[in-house]
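Taking it in order: structure first as structure tokens, then the write-up.
The values are calculated or read from the model by the stated rules, or taken from the named source; none is laboratory data. All values reported here derive from a predicted model rather than from experimental measurement. Note: ideal-geometry Cβ built from the backbone for every residue, glycine included; neighbour counts use all protein chains shown. Each accessible area value is taken on the protein alone, full model and side chains, heavy atoms only, with ligands, DNA and RNA left out. Shrake-Rupley method; radii C 1.70, N 1.55, O 1.52, S 1.80 Å.
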Amino acid sequence: QKGFNVEEVRKDFPILHTKVYDRNLIYLDNGATAQKPQVVIDAIDTFYAKENANIHRGVHFLSQHSTGLYEEARNTIQRYINAENSYQVLFTKGTTDSINLVAFSFGELVKEGDEIIISAMEHHSNIVPWQMLCERKGAVLKVIPMSTKGELDLDAYQNMLNEKTKLVSVTHISNALGTVNPVKEMIAQAHAVGAKFLVDGAQSMQHTTVDVQDLDCDFFAFSGHKVFGPTGVGVLYGKEDVLNAMPPYQGGGDMIKTVTFEKTTYNELPHKFEAGTPNIVGGIALGTAFEYLSTFDFEAVEAYEKELLDYATAELKKIPEIEFYGEAENKVSVISFLVKGQHPYDVGSLLDKLGIAVRTGHHCAQPVMDFYSIPGTIRASFAFYNTKEEVDILITGLKRVITMLS
Ligand code: PMP
């Protein structure tokens, strides 16, 4: 479809027409999780009502049918992110699981004194697995600093890279600040010293399209639930040679070729990294979410979200009590702010009573909050189904809350 019609899109999402506390739900917590279109809900329903069977192992009709659906979902995702082969799309539990897979498996190739680089604006799930790896292996963790605007210091990054750098793992889009990092350039710089690069894409595909071959990343991790799919499922894309060089992450069914008590041989990609019965319905419904997303003209989506971001930012700027955190030149529709003198939790709780769902706290990015010396922020994160009218309701709500608290 050409262009973008928000009223049409809103019809696809049943939850947007529900009420909380007898008020219309204003859902501005899309950074935490996105809502689900009816087609995704139907895919889950239909699977359990008519198609449920375990995959990759049965000779019977339903097992072959569900295997087909699951593998077709993998193909859909491959096409959407432009992976070279569908077997480079590994199903995981989500971004956290994808990053841990790399930290543990690629981590086996990391030696004492090797260096891992992350950035100052990472989510805890792109910090802690690397700290654990560095502790296990005696490797060194380095952190790319950021400016008060919430932009990475790319000169500092360039200076950090050297022949000891094994892996760089940086978020494409910051969940706490909305910053879009120039990952394509950063990947080329990492490759110039022979390092691999993981892109944390948890926040990416809700707002923009991704082409893993164009980025030339070695790994790309994301969660289903943030791209209008179900929870409990996600993806790790990896380059074929890199994945093949890595030992398996978990042992169990499906990931083996042959098992004897003396020796076990491992299955090919993607099965080598998919031990045990996976989240079958999750994978299938994630495929549906991507089929749904591929009906959109994403240039129009991005233009619409930019309009929404600019409008919300301008309206918020008119309220003198508001302080902004993260004002990068290149950012998506995520606004982190505080009301001067008020704890974010108090503001968030009062907004909630007006039916407005925002996130308050550290957003699993405590180092970002420490950087600004604040306990947390209030975060309004918009998806393509949000409207200017909802921004107006947020602004009116905030003004009411400020009056109540002062
Ligand atoms: N990285 C970023 C940038 C995120 O926003 C999130 C989710 N808030 C994660 C990683 C972790 O994703 P999940 O909890 O779905 O595994």
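When Val89, Val20, Val6 are checked against the criterion of being aliphatic (A, V, I, L, M), closer than 26 Å to Ser174 by Cβ and more than 22 Å from the chain's Cα centre (by Cα), Val6 stands alone in meeting it. The set of residues from region 78-99 being within 16 Å of the ligand (Cβ to nearest atom), closer than 28 Å to Asn52 by Cβ and assigned to a helix (DSSP H, G or I) comprises Thr95, Thr96, Asp97, Ser98. Considering Leu167, Leu154, Leu177, Leu133, the condition of being more than 25 Å from Phe290 (Cα to Cα), hydrophobic (A, V, I, L, M, F, W, C) and surrounded by fewer than 16 Cβ atoms within 10 Å (Cβ to Cβ) is satisfied by Leu154 alone. For region 208-261, a residue qualifies if it is in a loop (DSSP other than H, G, I, E, B), open to solvent by 70 Å² or more (accessible area, probe 1.4 Å) and either among the charged types (D, E, K, R) or touching a residue at least 40 places away in the same chain (Cβ under 8 Å) (or both), and the qualifying residues are Thr209, Thr231.
Among the criteria (1) open to solvent by less than 80 Å² (accessible area, probe 1.4 Å); (2) more than 16 Å from the ligand (Cβ to nearest atom); (3) within 25 Å of Thr95 (Cβ to Cβ), the one Glu72 does not fulfil is (1). Close contacts from region 115-132, counting a first residue that is more than 15 Å from Val199 (Cβ to Cβ) and within 9 Å of the ligand (Cβ to nearest atom) and a second that is small (Gly, Ala, Ser) and part of a loop (DSSP other than H, G, I, E, B), with Cβ to Cβ under 8 Å and a gap of 6+ residues or different chains, come to His124/Ala365. If we keep just the residues of region 344-380 that are in a strand (DSSP E or B) and touching a residue at least 60 places away in the same chain (Cβ under 8 Å), which is farthest from the ligand (Cβ to nearest atom)? Filtering first and then ranking leaves Ile356. Entry remark, region 43-56: residues being of a type outside the set (A, V, I, L, M) and in contact with a helix residue (DSSP H, G or I) (Cβ under 8 Å, 6 or more places away or on another chain) number 6 in total.
Condition check: within 13 Å of the ligand (Cβ to nearest atom), more than 23 Å from Val334 (Cβ to Cβ) and surrounded by fewer than 21 Cβ atoms within 10 Å (Cβ to Cβ). Does Gly194 satisfy that? No, not satisfied. Of the residues making up region 361-370, not a single one is open to solvent by less than 60 Å² (accessible area, probe 1.4 Å) and polar (S, T, N, Q). Quick one: is Ile284 crowded, with 16+ Cβ neighbours inside 10 Å, more than 21 Å from the chain's Cα centre (by Cα) and under 26 Å from Thr18 (Cβ atoms)? For Ile284, the condition - crowded, with 16+ Cβ neighbours inside 10 Å, more than 21 Å from the chain's Cα centre (by Cα) and under 26 Å from Thr18 (Cβ atoms) - is not met. The residues of region 311-343 that are outside any loop (DSSP other than H, G, I, E, B), among the aliphatic types (A, V, I, L, M) and open to solvent by less than 20 Å² (accessible area, probe 1.4 Å), listed by number, are Ala312, Leu316, Ile322, Val334, Ile335, Leu338, Val339.
Filtering region 22-39 to residues that are in contact with a helix residue (DSSP H, G or I) (Cβ under 6 Å, 6 or more places away or on another chain) and outside any helix (DSSP H, G or I) leaves Ile26, Thr33, Ala34, Gln35, Pro37.
State which residue is farthest from Gly94 (Cα to Cα) when the search covers only region 19-60 and only residues that are of a type in the set (Lys, Arg) and open to solvent by 80 Å² or more (accessible area, probe 1.4 Å).
Among those that are of a type in the set (Lys, Arg) and open to solvent by 80 Å² or more (accessible area, probe 1.4 Å), it is Arg23.
Taken as a whole, region 44-60 holds no residue that is β-branched (Val, Ile, Thr) and within 30 Å of Leu398 (Cα to Cα).
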